[in-house]
Every structure is written in C-alpha cells, then in structure tokens.
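Written below as structure tokens is the structure these notes are about.
The values are calculated or read from the model by the stated rules, or taken from the named source; none is laboratory data. As the structure is a prediction and not an experimental result, all values here were calculated from the model. All Cβ positions, glycine included, derive from the backbone under ideal geometry; neighbour counts span all protein chains shown. Just so you know, the surface numbers come from the protein's heavy atoms only, side chains and all, with ligands and any DNA or RNA stripped out. Shrake-Rupley method; radii C 1.70, N 1.55, O 1.52, S 1.80 Å.
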Amino acid sequence: MDSPFFATNALKWYDENRRDLPWRNTSDPYRIWLSEIILQQTRVQQGLPYYQRFIAAFPDVFRLAAAPPDKVLRLWEGLGYYTRARNLHACARLVVQNHQGVFPSRYEDLLRLPGIGPYTAAAIASMAFGQAVAAVDGNVYRVLARFFGLEQPINSPSGKRVFQKLAHELLDRQRPGAYNQAVMELGALVCTPKNPACHTCPVRSGCRAFQLNRWHKLPVKAQTRKIRTRYLHYLVFSGGNRVYMKKRKARDIWQGLYDFYCVETNRLQPAEKIVKSLGLRPGYISGVSPAYRHQLTHQKIVARFVVIGNPAGLPADAGLRPYTPAQAARLPKPVLITRYLADTGFL
DNA sequence: AAGGCGGGGAC
DNA sequence: GTCCCAGCCTT
C-alpha cells in the first residue's frame, strides 16, 4: 500500500475523530509550545490540568518569563521530569530577552532553545507555523513501524534516521501540523502499545502488522538490557596454607573459572546471617572483607568475602577442594577473585 | 551510545 | 513486578 493511502486516511480520520484539546484550538506558539513541553513523556490526561493551570497563571510568555522560578516549579509539582520546568522558564526568558517575546518560527531556530529537541521543534514549527517538518514521537514510531512492517529498532540512531526519513516523505505538505497530530492521535487512541483497536483503524487495510498479525512484535526496540546488581557472599574456607575453591558451572557468569563457596542474595547481608544460613556458628568467622565491585556487560557484581578459618564447617558436596597458593595462582579465576587473593596476600 | 530524569496507568 | 508515555540533556 502506498503512502498517499496512509496520509490521506489518517488525516481524514483525524478530522472526524480528534479529541478536543485546548492547544488544538489555537495557533498561539506560546500555548502550543507549553503543551508540547508538558506532554513530553506525559499522557494527555495527566498533563491537561497542568496546562490549564499554567495558562491561567501565565497567559503569555511575558508573564511566564517574569515569574519567579519557585512559582514555576510549584505549578509543576507532581508532573515529574522537573528539568522541563526549569528549561521552560529559561526558554521563556530567552524568548523575551532575545526575541522580543516572539517565538522563532523555523525548526532550526526552535531547536536551539532549552528544552526543545527534535520532536518538539518539529511539533511547534508545523503546528504553529505550518512548516513542513515531521514530528516523530513514540506514537509515530509505533504507527509507522506497524503500518509499514519496519523491523528497524526505534531506539538506535540508524533506526531513528529511517523513521525520520519515512515520516518526512509521508508528511502532508498542505497541512503538516494536522498530519503530524493525526499520526500521533492515531497512536494514542487506536494504535496503542497494547491491545490496539485495529477494528476501528482507518488504515488497517494497508497495515503490514495487521495483515501479518505482528502488531505485538512492533515496534522493535533494541535490548537495552538494564544492569542487574547481584550480591555474592563468598565464604572463603581456609587453613593450613590451603584455600578451598570450586569450579563454576555453566549457564552463569564466569563459566569454568574457579571461585569460593558462594551465597547469592538480593542485597548485601551481614556476614553472620550468611554463615548462620549454612548452619555454621558465627564464631567461625575470622574476617570479613569490604565490598568488592565488579562491572560486567549487563550485571554489576557486589561481592563480599567472609573468611572461615576453620574448614571443619566445610559444606559437603559443594565441590570445594583445597589448594596451595601456588596451585591457586595457576587456576583460572575471575579477576574479582584474583584481586581479593592478592589483597589478602594469599597469592 | 548510554544514563538520568518521574509520576501514573495498563497489565 | 514490567512496560510505556506528544523527549531532552549530559557525559
């Protein structure tokens, strides 16, 4: 299905189904700008009352610029991302001081203002000034990825360029502002992240994701696996110039490398608690190391070493075997373990 | 390229 | 609990 189908039907649907929102009944750049800042990463339902309060308190950019910073921040309370409020105020003052209170109309000039990035600059330029620039936000990524069946990740720079270029090609040159809002409105009301209302979608018949039943797979996001913090409590059984170590099994970090008996928990625990959990008396503890930290690709390791000077309490069947310093030095070990052994002087 | 920022709603 | 939301800024 070709692009005119998408743009035409999205625009038509928008004209008939759009929500009546206050910033859509004006061409005042100040109001459009304010709404866009408030709606960054924020749902309309949450942002709407804030918009009303800001307009009531600051009807124009001069009133906002003249306000004390605390008053602006107080009105922003509860909305989150408070840098937005500080940038909002800074931007207002900049517009008043450097532009005589008149918002710049070109995308490139808007982009220079604090708090205005590529999306917001395009939104203002198109909606307030009719400039033919595509505003690409999370909704647009989702709608385009689904309609065109695009598998490029939306959170990589290369993927972003693909969507930006496509959005620019699709843009309705006659009504860029309405078109941009049409696509976003479609994403907000119909083509939602979960349970999209495909049965009411104006462009369903041309939608690749709908045809292939792949809406739930799109858009693709590159796995930005978040860092997991793991807390390892090592029990270092030692005595007679020997230290007890074991080989790590597969399917976890440090496969095949050698370390000590390990208790993993959700958080750092007192050494006594760890020892007790093994049925050992706390009196066996002959030393506790500070926390060692180690950064892996997607994990942060926090390790603490509890020295058990009495090998009598050795857990059977843990695969632990005694090694002399010379032997231990030759074993392959995680650098964390090597560091610890070096710190204690065992190696 | 990655991380931080935030509260709320859906699931 | 997780994911996402009309993103931007800093490092």
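Matching residues to (1) within 12 Å of DNA strand C (Cβ to nearest atom); (2) open to solvent by 10 Å² or more (accessible area, probe 1.4 Å); (3) assigned by TED's automatic domain parsing to the domain that holds residue A:43; (4) among the β-branched types (Val, Ile, Thr):
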position: A:109; (1), (2), (3), (4): no, yes, yes, no
position: A:125; (1), (2), (3), (4): yes, no, yes, no
position: A:135; (1), (2), (3), (4): yes, no, yes, no
position: A:139; (1), (2), (3), (4): yes, yes, yes, no
Within the stretch A:322-334, identify whether any single residue is assigned to a loop (DSSP other than H, G, I, E, B) and under 14 Å from residue A:231 (Cβ atoms), and answer yes or no.
-> no
Might you let me know whether the stretch A:151-161 holds any residue that is crowded, with 19+ Cβ neighbours inside 10 Å and closer than 27 Å to residue A:15 by Cα?
-> no
Restricting attention to the stretch A:111-123, and to residues there that are more than 16 Å from DNA strand B (Cβ to nearest atom), more than 10 Å from residue A:36 (Cα to Cα) and touching a residue at least 12 places away in the same chain (Cβ under 8 Å), which single residue is surrounded by the most Cβ atoms within 10 Å (Cβ to Cβ)?
-> A:122
Going through the stretch A:35-87 one residue at a time, which ones are among the small types (Gly, Ala, Ser) and either more than 9 Å from DNA strand B (Cβ to nearest atom) or not assigned by TED's automatic domain parsing to the domain that holds residue A:187 (or both)?
-> A:35, A:56, A:57, A:65, A:66, A:67
When you look at residue A:80, is it small (Gly, Ala, Ser), surrounded by fewer than 15 Cβ atoms within 10 Å (Cβ to Cβ) and on the phi > 0 side of the Ramachandran plot, yes or no?
-> yes
When only residues in the stretch A:279-298 that are surrounded by 15 or more Cβ atoms within 10 Å (Cβ to Cβ) and assigned to a loop (DSSP other than H, G, I, E, B) count, which is modelled with the lowest pLDDT?
-> A:280
Unique match (being closer than 21 Å to residue A:121 by Cβ and in contact with a His (Cβ under 8 Å, 6 or more places away or on another chain)) among A:94, A:64 | A:64
If you go through the stretch A:230-246 one residue at a time, do you hit one that is basic (Lys, Arg) and modelled with pLDDT of 80 or more?
-> yes
